[in-house]
Amino acid sequence: MRKNGSKLISIQQYRLGDLFMFTVIAIIAELVCYYAQGWFSDAAFYTLNLMVPIITIVLVRWGWWGLLLTVAESLLYCVIRGSVWQGYIIYMVGNAAIAIELLIIWLLKERLNKRWYWAFILVLAGWVAVNFIRACLYAICYGNFLSAMATMFGVSDGGLLALAMGEIIILICRKFDGLFENQKRYLIRLDKERKEEVRRKEFGDESIDLDSESLSILNRDYDGLD
């Protein structure tokens, strides 16, 4: 395949480059969201975690490969915060619950891109799964399940405000052609569109009407025909 007229690359190379790009985006987003509270300590009263929308995009594009990015983002989250071992369990296992989105993506297939509410539901499902498992693990490690639920779904950096921001990001991203789409299907679609464009340039948009006699001639198997 070719990307934007560049040299020929394989689908594996394209996927590797794409995953690397989103990994960089996830790292930058995590670092900015974390350190912004210190940079604007007088004004900042809430931090956001954008893990759900970023991972959702990658899961849509490449399927289970996006879970590798989940591991990397979860490790970074715990390391920069100096988490104890319980924190690693809560966030690494909890964040892995976003894999529930893979089932929804598989069930919806092409329909995911046809209506905005499917994308909305996808993000919501991932957010609920992640925060619910986080809350359960937090309760196992520290007790008080109800308090953990209120924290994870409410005032944590992955709470309601993060959900709202994530939904906005996804609804914007789906407006861009190919960004919020399975990349194998996207590349196949691009190839079909390119071939159709070539056909139109060569033959035009007018249909060719053939009478029954012409069709009969064309259907015959002539030897030596050019």
Original post:
Quick one: putting +1 on the C-beta of Lys and Arg, -1 on the C-beta of Asp and Glu, what dipole do you get for the stretch 89-210 around its Cα centre, in Debye to the nearest 20?
Top reply: 180
Original post:
What FRET efficiency would be calculated for the residue pair W65, L8, taking the C-beta separation as r and a Förster radius of 25 Å, to the nearest 0.05?
Top reply: 0.70
**OP:** Treat each spin label as a single point 7 Å out from the Cα along the C-beta direction, and report the C173 to R15 distance in nm.
**Re:** 1.8
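Could you rank the peptides 25-37, 127-139 by their average count of other C-beta atoms within 10 Å per residue, with the highest value first?
127-139, 25-37
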Subject >> Ranked order, E167, E202 - accessible area, probe 1.4 Å, largest first >> reply: E202, E167
Subject >> Where labels lie 7 Å past Cα in the beta-carbon direction, separation of L124 and V198 in nm >> reply: 4.4
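The values are calculated or read from the model by the stated rules, or taken from the named source; none is laboratory data. Everything numeric in this text was worked out from a predicted model, so none of it was measured. Note that each Cβ is placed from the backbone with ideal geometry, even for glycine, and that neighbours are counted across all protein chains shown. Only protein heavy atoms, including side chains, enter the accessible area calculation; ligands, DNA and RNA are left aside. Shrake-Rupley method; radii C 1.70, N 1.55, O 1.52, S 1.80 Å.
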